[in-house]
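The values are calculated or read from the model by the stated rules, or taken from the named source; none is laboratory data. This structure is a prediction, so every number in the text was calculated from the model and none was measured. Counting neighbours? That spans all protein chains shown, and the Cβs are built from the backbone with ideal geometry, glycine included. With ligands, DNA and RNA removed, areas are computed over all heavy atoms of the protein, side chains included. Shrake-Rupley method; radii C 1.70, N 1.55, O 1.52, S 1.80 Å.
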Amino acid sequence: MTKDSSNQMWGGRFAAGPDAIMEAINASIGFDKRLAAQDIAGSRAHAAMLATQGIVSDNDAEAIREGLLTVLSEIEGGTFEFSTALEDIHMNVEARLKEIIGEPAGRLHTGRSRNDQVATDFKLWVRDQIDAAVSGLEALQRALLTQAEVGADWVMPGFTHLQTAQPVTWGHHMMAYVEMFGRDASRLADARARMNECPLGAAALAGTSFPIDREATARDLGFDRPAANSLDAVSDRDFALEFLGVASICAMHLSRMAEELVIWSSAQFRFVTLSDRFSTGSSIMPQKKNPDAAELIRAKIGRIFGANVALMMVMKGLPLAYSKDMQEDKEQVFDAADNLMLALAAMEGMVRDMAANRAALHAAAGSGFSTATDLADWLVRVLNMPFREAHHVTGSLVALAESRGCDLPDLSLEDMQGVHGAITADVFGVLGVENSVASRVSYGGTAPEQVRAQVARWKERLG
């Protein structure tokens with residue numbers, strides 16, 4: 001291949017040849033500039049520690065710390081000029097710091113490396129995202145609690161295999177998601193606690209000969225302790241992987257709820273009406289109201305799953321310690337975090353705004369022989385019938401009702417006694433859907449009193 005033909009393959013952007021390609025593949029400033037606040041916080045803590053330990057002068061440390069605040073204000077104000085030639089956020093900040101304060105800027109990097117610096121920055125960023133995600137989950141839970149409290153005694157069908165199973169309450173269904181999202185928040189908190197060890201001071205991979213105080217920098221940055229092994233501190237990204245793993249589980253829960261909202265808002269179900277703020281119309285069919293926000297949540301979840309797999313693939317073959325492959329850790333996490341927060345906010349808005357159709361829920365609750373299990377339980381409880389026999393008798397009664405085109409409560413006592421003579425009129429007391437849900441008083445059951453107790457428990461827990 002000639003030089004000219006290879007240049008054509010690189011394309012117009014890389015007409016300058018290998019140097020341009022290397023700069024493009026090596027630079028991370030296009031995405032890691034999102035770490036600016038964390039990078040500057042870590043550098044300020046490091047500078048303060050260097051002064052305390054007598055490694056740099058107080059004057060130099062003060063100049064560094066003040067200069068870094070100037071850099072941060074420029075970045076936040078949108079006036080900072082990022083340079084691809086300087087590769088990453090660390091070098092961009094340090095170069096600008098030198099322009100502002102001169103020679104003391106060169107002392108900032110004493111006792112550290114870009115390896116421990118980026119690990120620290122990234123941990124701080126992920127930690128902030130965990131806190132934001134927990135807040136988003138709690139807002140969603142509060143919206144669900146409002147729905148549950150209003151509809152604690154509204155009956156609706158409970159499903160298995162998307163077939164009518166037993167009556168439940170709207171409040172009980174909402175509380176199922178409160179529990180799911182509560183576990184997601186708990187997993188995030190667990191991940192945060194586990195990752196809260198500071199890599200700063202691990203340097204390139206072996207620590208440093210300077211008399212640094214890693215406890216001080218860890219404390220200053222809100223970490224519980226310094227990371228105990230310098231090789232591990234700079235070479236693993238399991239904290240990011242754990243965040244992505246937890247985010248994937250949370251995203252799965254969001255997607256399941258989004259799917260239910262898509263189904264429930266359809267003309268065939270009419271269980272809920274979504275607000276216009278989270279729906280769109282059709283370009284050609286004027287009657288349509290599309291649950292686009294729910295559908296987009298359902299789709300965006302794939303990006304979070306994909307980020308988890310992608311970072312696993314980056315890390316799976318890396319020997320200790322740092323390798324440049326690890327530059328590919330951030331874009332995946334940034335995108336996943338953005339989409340998780342967007343999905344949480346959209347779901348919270350939909351849940352807060354949606355209106356449940358109590359009449360449609362009630363009508364559906366009694367369909368599909370939803371009280372068949374209540375009938376079987378009554379046969380066991382009142383007639384002391386073995387459950388397998390009760391199951392058979394109930395099945396026969398369901399077949400009879402189905403042949404008549406009616407539901408179980410519509411059968412006469414004579415019809416029922418024709419299947420089993422010991423059945424009495426008392427059976428009708430358990431066949432209504434309200435009676436069914438009211439009877440499910442076991443802890444965690446669908447009875448309205450249980451739903452209200454769980455609402456109260458979660459309200460207290462969330463504060």
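A count restricted to region 352-363 and to residues that are open to solvent by less than 50 Å² (accessible area, probe 1.4 Å) and either without any contact (Cβ under 8 Å) to a residue 24 or more places away in the chain or within 16 Å of the chain's Cα centre (by Cα) (or both) stands at 0. Here the condition is being open to solvent by less than 10 Å² (accessible area, probe 1.4 Å), outside any helix (DSSP H, G or I) and closer than 30 Å to Q53 by Cβ; of A228, A202, it holds for A202 alone. Of all residues in region 368-404, those satisfying the criterion of being out of contact with any strand residue (DSSP E or B) (no Cβ under 6 Å at 6 or more places or on another chain), part of a loop (DSSP other than H, G, I, E, B) and open to solvent by less than 50 Å² (accessible area, probe 1.4 Å) are F369, T371, M385. The selection criterion, being modelled with pLDDT of 95 or more, touching a Ser or Thr at 6+ places or on another chain (Cβ under 9 Å) and over 27 Å from G54 (Cβ atoms), does not hold for A143.
Check whether at least one residue in region 289-309 is assigned by the TED database to the domain that holds R256, assigned to a loop (DSSP other than H, G, I, E, B), out of contact with any Gly (no Cβ under 9 Å at 6 or more places or on another chain) and aromatic (F, W, Y), and report yes or no. No, region 289-309 contains no residue that is assigned by the TED database to the domain that holds R256, assigned to a loop (DSSP other than H, G, I, E, B), out of contact with any Gly (no Cβ under 9 Å at 6 or more places or on another chain) and aromatic (F, W, Y). So in region 264-288, with the set limited to residues that are basic (K, R) and at pLDDT 85 or above, which one is nearest to M156 (Cα to Cα)? Restricting to residues being basic (K, R) and at pLDDT 85 or above, the top hit is R270.
Residues in region 181-196 that are farther than 16 Å from G136 by Cα, open to solvent by less than 50 Å² (accessible area, probe 1.4 Å) and in a helix (DSSP H, G or I): A191, M195. With respect to the conditions (1) β-branched (V, I, T); (2) open to solvent by less than 80 Å² (accessible area, probe 1.4 Å); (3) at pLDDT below 95, T2 falls short on a single one, namely (2). Residues in region 238-280 that are more than 16 Å from D292 (Cβ to Cβ), touching a residue at least 60 places away in the same chain (Cβ under 8 Å) and not in a helix (DSSP H, G or I): F269, R270, F271.
Scanning region 52-68 for residues that are in a helix (DSSP H, G or I) and farther than 15 Å from E99 by Cβ gives T52, D58, N59, D60, A61, E62, R65.
Suppose the filter is at pLDDT 95 or above, of a type outside the set (S, T, Y), surrounded by fewer than 22 Cβ atoms within 10 Å (Cβ to Cβ) and not in a helix (DSSP H, G or I); does F223 pass it? When the stated conditions are applied, F223 does not pass them. Looking across region 377-411, the residues that are at pLDDT 90 or above and small (G, A, S) come down to A390, G395, S396, A399, S403. When A453 is tested against the conditions (1) open to solvent by 40 Å² or more (accessible area, probe 1.4 Å); (2) over 19 Å from F369 (Cα atoms); (3) in contact (Cβ under 8 Å) with a residue 40 or more places away in the chain, the lone failure is (3). Working only within region 437-450, note down all residues that are without any contact (Cβ under 8 Å) to a residue 60 or more places away in the chain and of a type in the set (S, T, Y). Residues satisfying the conditions are S442, Y443. Of all the criteria given as (1) among the β-branched types (V, I, T); (2) touching a residue at least 60 places away in the same chain (Cβ under 8 Å); (3) surrounded by fewer than 24 Cβ atoms within 10 Å (Cβ to Cβ), the one not satisfied by T120 is (3).
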